[in-house]
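Below is one structure, written out as structure tokens; comments come after it.
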Amino acid sequence: MKDRLVEKAWQALDKLKIELPSWGFANTGTRFGKFIQAAAATTIEEKFSDAAQVHSSTGACPTLALHVQWDLPNGLKDVGEVERLSQKFGVRPGSINPNMFQNQEYKYGSLGNPDPAIRKTALRHILDCVGIAEALHCRDVAPWFADGSNYPGTQNMRQRIAYFEEGLREIHRSLKSGQRLLIEYKPFEPAFYHTDIADWGMAYLLAKEAGPQAFVLVDTGHHYQAQNIEQIVAWLLHHKMIGGFHFNDRRYADDDLTLGSIDPYQVFRIFHEIHMFEWEKGTAADIAYMVDQSHNLKGKIEAMIQTVCTAQELYARAAMVDHERLAGLQQSCSLVDAEETLRGAFWTDTRSIVKEWRKSKGLPGNPLLAFRESGYLERVTRERGARNSGASASYA
Ligand code: LRH
Ligand code: MN
């Protein structure tokens with residue numbers, strides 16, 4: 001007879017699905033350049049193939065987030081190929097990410113640009129992404145806007161809010177029933193004076209203004225150092241406005257490091273807010289758990305497997321909080337006992353519990369070891385090495 005709390009952990013693991021970013025398998029870097037990995041994925045086929053490795057070893061990653069300009073450069077014309085690859089590798093396309101930051105015309109912004117022609121171009125791209133999402137039966141369209149300015153006085157921030165309201169309303173009108181628009185916020189970078197959608201409140205108001213199928217996407221790396229991210233999550237849960245997460249970790253800014261590599265307690269506290277909410281409401285929160293990382297030095301597939309395993313271990317720990325006991329202690333303001341009830345779960349080593357859960361699902365107990373023993377990395381290094389060694393490493 002499994003311990004009651006271990007049973008809760010297993011039930012949570014049964015539910016937890018983590019979406020991987022196609023771009024997390026590609027050669028990425030910083031503005032100081034990128035270190036080319038021979039095994040890195042370049043084509044959408046290689047990205048599906050690598051994602052399938054993570055899914056087969058962890059059993060938790062049935063979908064792959066796609067970044068349209070990188071993965072479907074020909075738009076709707078690439079849908080057939082994506083469907084074929086999805087069938088071939090047993091991984092479904094997940095959230096559809098428009099690219100509102102790469103093209104030259106977005107120098108002064110996309111949906112927030114003072115030039116109506118450029119706003120129109122930006123809108124057109126996102127509407128195309130809604131069409132691609134529909135064609136691929138993908139639920140979420142997740143635009144991140146780099147829009148902003150670098151110097152005070154150079155842009156009218158209020159006017160740009162109106163442009164975003166207008167554009168996002170238009171996009172919301174194009175959504176099919178069941179589709180969701182996930183609005184991601186970020187305080188800075190690449191803009192360094194103001195970013196139009198800089199925090200959760202701005203994303204919340206724009207989502208509300210757009211319509212009932214618009215929600216907020218919380219990228220854990222998109223917060224000022226002192227911000228209490230789990231409190232933001234509590235507010236978005238309370239208002240049923242949380243659509244999903246981009247998980248990663250950071251020491252300084254939007255470092256996009258591996259989840260839980262710097263501050264695992266942060267991720268645990270976020271998962272705790274969600275589990276406590278679900279316990280109180282008796283229903284699962286409708287949240288897309290997605291990863292958004294760039295592995296500049298680590299092997300990309302191994303870093304992704306690490307990420308999923310860490311997420312499973314921390315999600316299981318948070319599920320093992322005795323919510324009934326905690327609710328009573330919070331009500332009676334029994335501070336130390338309440339804190340110990342939460343901390344106690346965090347200090348529970350769930351690795352063996354997750355391992356047994358994997359085995360019960362016919363999955364490898366140690367996904368990283370299983371991947372290393374598969375010989376997949378050696379094979380793709382041989383297949384892709386020559387091509388990748390020619391890739392440019394410089395930033396400028
Ligand atoms: C912006 C961001 C966004 C993605 C990009 C790859 O920092 O988090 O979610 O489009 O990274
Ligand atoms: Mn992100």
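Values as computed for the structure displayed
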item	result
Relative contact order of the chain, pairs being alpha-carbon contacts under 8 Å that are 6 or more residues apart, as %	21
The chain - convex hull of alpha carbons, volume per residue in Å³	148
Cβ-Cβ FRET estimate between Ile262 and Phe101, R0 fixed at 22 Å, reported to 0.05	0.30
16 Å Cα-Cα reach of Lys88 towards aspartates and glutamates, excluding residues that sit fewer than 8 places from it in its own chain	Glu45, Glu46, Asp50, Asp78
Residue-by-residue Karplus 3J(HN,Hα) for the range 217-224, coefficients 6.51, -1.76, 1.60, Hz, glycine and proline x	9, 9, 8, 4, x, 9, 9, 5
Fully extended contour minus Cα-Cα distance, from Arg351 to Met157, at 0.36 nm per residue	65.0 nm
Cut-off under 5 Å, modelled amide H: who pairs with Gly94 long-range	Leu64, Ala65, Leu66
Percent antiparallel among DSSP beta bridges (both partners in the chain, rounded to 5)	15
Surrounding net charge for Ala65, when Lys and Arg each add one and Asp and Glu each subtract one, Cβ distance under 15 Å	-2
Set Lys8/Lys355; Lys15/Lys359; Lys107/Lys186; Lys298/Lys361 screened for pairs whose C-alpha atoms are more than 26 Å apart	Lys298/Lys361
Phi-based couplings in Hz for the range 130-139 (Karplus 6.51, -1.76, 1.60; Gly and Pro marked x)	5, x, 5, 4, 5, 5, 9, 6, 9, 7
J(HN,Hα) series, the range 188-198, from Karplus relation 6.51 cos²θ - 1.76 cosθ + 1.60, nearest Hz, glycine and proline x	6, 6, x, 7, 10, 10, 9, 10, 4, 10, 9
Long-range HN-HN contacts of Asn366 with modeled amide H, under 5 Å	none
Cα convex hull of the range 18-118, projected area averaged across orientations, nm²	8.0
Segments 140-152, 249-261, 309-321 sorted - mean Cβ within 10 Å per residue, highest first	309-321, 140-152, 249-261
Cut-off under 5 Å, modelled amide H: who pairs with Glu19 long-range	Tyr289, Met290, Val291
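Read the figures in this text as sums done on the coordinates, not as results from a lab. Since we're looking at a predicted model, the values are computed, not measured. Virtual Cβ from ideal backbone geometry, glycine too; neighbours counted across all protein chains shown.
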